[in-house]
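See structure below.
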C-alpha cells in the first residue's frame, strides 16, 4: 500500500451548501508523522480472499516473509499460483529467486511499466484504505496495524469475487441496451 503513517486521514462529512454563509469542510490540523510502516497485501480475485500484514520497512526480507504467509493460506491442491506484481525493485531481488526455488508452484508475472490499472489489487487498495483509514486519527503504528487487520477481517467476512471492468457510471444506460426502445421527439 505504500508508506502509511500515524496521522489523521480525512473522511467525508456532509456540508450544507445552501446555508448562507456556506459551510466549509474542516479538518483538524495534524502536525508531523508520528510513526509509519508498510502494508503488504495479496488478493485472490476469483474468491475475494485477501491477506495483509504490516511491516516496519519495505525490503526483501518482509516481502518474502509475506509471500510465505500467503503460501501457507492457499490450499495445497492449487498447482499454480500466478502473482501479478509491479516493477518495484524489491520484486526483483535474489531472495525472491530463492523463494521461487523452494516454492515451485509460484510464478511471478510483471505488469508493464506505467500500467497499474491492469493490476486488480490497485482498486482493492482503495477499498482497504477506505475501510481501515478513512476519517480516523492514529497516534501510533500499532493502531494502524489493528485498523488494517480489522478491515481485512471485515473484507474476508463479506468477500466476493473482485471483477475488473468498467465502473457503473461508465456503463451504458439500460435503455440503450434495448434495441426496441425508441424515443419520440415532438417537433
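Nothing in this text is a laboratory measurement; each read-out follows from the coordinates by a stated rule. None of the values given here were measured: they were computed from a predicted structure. Note that each Cβ is placed from the backbone with ideal geometry, even for glycine, and that neighbours are counted across all protein chains shown.
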_Quick check on my filter: what residues within segment 42-55 are more than 16 Å from residue 106 (Cα to Cα) and assigned to a strand (DSSP E or B)?_
49, 50, 51, 52, 53, 54, 55
*Odd one out for residue 70 among (1) surrounded by 17 or more Cβ atoms within 10 Å (Cβ to Cβ); (2) more than 24 Å from residue 160 (Cβ to Cβ); (3) without any contact (Cβ under 8 Å) to a residue 40 or more places away in the chain*: (2)
